[in-house]
Amino acid sequence: MCPCENGIAPPPADNSEMVQVPLNGSAAHSVPTNGVNGHANGHTNGAANGSAPQARPVNPYAPRASDFLSNVSNFSIIESTLREGEQFANAFFDTKTKIAIAKALDAFGVEYIELTSPAASEQSRRDCEEICKLGLKAKILTHIRCHMDDARIAVETGVDGVDVVIGTSSFLREFSHGKDMAYITKTAIEVINYVKSKGIEVRFSSEDSFRSDLVDLLSIYQTVDRIGVNRVGIADTVGCANPRQVYDLVRTLRGVVSCDIEVHLHNDTGMAIANAYCALEAGATHIDTSVLGIGERVGITPLGGLVACLYAANPEYVKAKYNLPMLREIENLVAEAVEVNVPFMNPITGYCAFTHKAGIHAKAILNNPSTYEILKPEDFGLTRYVSIGHRLTGWNAVKSRVEQLGLTLTDEEVKDVTAKIKELADVRTQSMDDVDTLLRVYHSGIQSGELAVGQKEALDRLLIKHREGSVTRSSSPSPTRA
């Protein structure tokens, strides 16, 4: 768990602080527990047969009642594919593509869409104006340098808000813009007051926050908070922070500002999703994401990965908040636009995200999907798949496929044909068509009396006969019309 302010981890929460998860939709009676992992210690009264009723499983990922600062179930997403994503090495979004992505993100339900600064180029300015005219439900933001020239251009495009940023670390102050903290503070006040005068939202963010001096950071954040900024932003610009550092900084900042807190987290060390979650636990309110995590270098917190993480904590909240079945469409759209494939290990939409292979996994999944799935594929418009054409397969998974095909085999017969699948899979993985053919040939042999359990040679003959018949049929000429 995340550390307290004094650096000592809080005591484990009791089960009353956890969200209970019904098993297979049943409303099983819960019993008081004080054992490890929610198991009851001792005996309980009320069971007619003297055995204790089982407690409902608890969700270990759910927010705890004691996390009074946590916004894991009260957050907004600032979707930055059309800003940070444009900094991805492969990215080039024309106006048509930008509009398609913006509409898809809006249909998904993100609260904010962030666009490239209109000061970047003339086309960027025109694109910003076009997207602002779409009438989307999401608020449209643009991201600018802490400079009055950029601010004047931005507010004329029709955006709902302006995200202001300037580097505060010694690295960036020396080697990027060359300004000291006094200049940064003075300019930030000027730009923020100007944007506020136009009646739109304004966020002020430091850049390279985790390599900036803490006193400098808190001082400038308090200053902009006092003049009425909507949000302050923390940026892990080089992806160097770990979850504990993120939690500590956000929690410290939460104690000195009253405005909202946004975090922008790069993924150079693979920590972006974990860091985003810890930021919300510490009191952050807004998370920057991009589709597939695309952005500068290896990008930022991926939209899909963050959604998966937050769904695990509170499925009902996330389902009510976002149009989850849209996620796959959005990722395919962006992947095509930047000419990459959706990664196989991508949360939710990776091609094997809901594929189960090992025999003991498959058996449990067929009995109750929650045994090996924290995410429900149907909530994302997807389906699970049990892979059976391999040497690790189990007979329970094969039995399920037999039933799907409408075949009738005893358990002993299913175990026998499973052994044949494993034998063939030791040579090469069997496709589903291969498995289905084997099951049908086996079933036909059993029904005709040509085959019995344990007759391996007879099964081999039937398979050879089937293959030869398939070749003959495929090579026969098609009948011609007169």
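The values are calculated or read from the model by the stated rules, or taken from the named source; none is laboratory data. The shown structure was predicted, so the numbers you read here are calculated from the model rather than taken from an experiment. Virtual Cβ from ideal backbone geometry, glycine too; neighbours counted across all protein chains shown. Only protein heavy atoms, including side chains, enter the accessible area calculation; ligands, DNA and RNA are left aside. Shrake-Rupley method; radii C 1.70, N 1.55, O 1.52, S 1.80 Å.
Rounded to the nearest 20 debye, the dipole size of segment 76-313 about its Cα centre is 320 debye, using +1 on the Cβ of Lys and Arg and -1 on the Cβ of Asp and Glu. The spacing between segment 410-442 and segment 175-216, judged by their C-alpha centroids, is 66 Å.
With a 1.4 Å probe rolled over the protein heavy atoms of all chains, the accessible area of V386, V417 falls in the order V386, V417, largest first. Rolling a 1.4 Å probe over the heavy atoms of the protein chains gives segment 87-151 an accessible area of 44 Å² per residue. V298 exposes around 90 Å² of accessible area when a 1.4 Å probe is run over every protein chain in place. Surface calculation, 1.4 Å probe, protein heavy atoms: K357 sits at approximately 100 Å² accessible. The gain in end-to-end length when the Q222 to K376 segment is fully stretched comes to 51.2 nm, 0.36 nm per residue minus the alpha carbon separation.
Think of a 1.4 Å ball rolled over the protein heavy atoms: segment 265-307 then has 21 Å² of accessible area per residue. Here the extension length gained between E156 and N242 equals 27.1 nm, from 0.36 nm per residue of separation less the Cα-Cα distance.
Just the protein heavy atoms count here, and of the accessible area of segment 133-190 at 1.4 Å, carbon and sulfur take up 52 percent.
Peptides 287-295, 97-105, ordered by how many other C-beta atoms sit within 10 Å of their residues on average, highest first, read 287-295, 97-105. Ligands, DNA and RNA are left out, and with a 1.4 angstrom probe the accessible area of segment 388-467 is 54 Å² per residue. All other residues with a Cβ under 14 Å from the Cβ of R391 taken together, and with Lys, Arg as +1 and Asp, Glu as -1, what is their net charge? Its environment carries a net charge of +1.
Note on T95/Q455: beta-carbon distance plugged into 1/(1 + (r/R0)^6) with R0 of 51 Å gives a FRET efficiency of 0.15. Restricting the count to DSSP beta bridges whose residues both fall in segment 76-313, what percent are antiparallel, rounded to a multiple of 5? Around 5 percent antiparallel, to the nearest 5.
What a 1.4 Å probe finds exposed on segment 214-307 is 51% carbon and sulfur by accessible area, rounded to a whole percent. Computed over neighbours whose Cβ is under 15 Å from that of E174, the net charge equals -2, Lys and Arg +1, Asp and Glu -1.
Of the trypsin sites (Lys or Arg not before Pro) found in segment 240-327, those that fall in a DSSP loop while having at most 16 other beta-carbon atoms within 10 Å are R297. The R126 and R254 beta-carbon pair, evaluated with R₀ = 45 Å, returns a calculated FRET efficiency of approximately 0.70.
Can you pull the percent of segment 388-467's accessible area that's carbon plus sulfur, 1.4 Å probe, other chains left in place? Of the solvent-accessible surface of segment 388-467, carbon and sulfur hold 49 percent. Count Lys and Arg as plus one, Asp and Glu as minus one, and take only other residues whose Cβ is under 14 Å from that of N267; the net charge is then -4.
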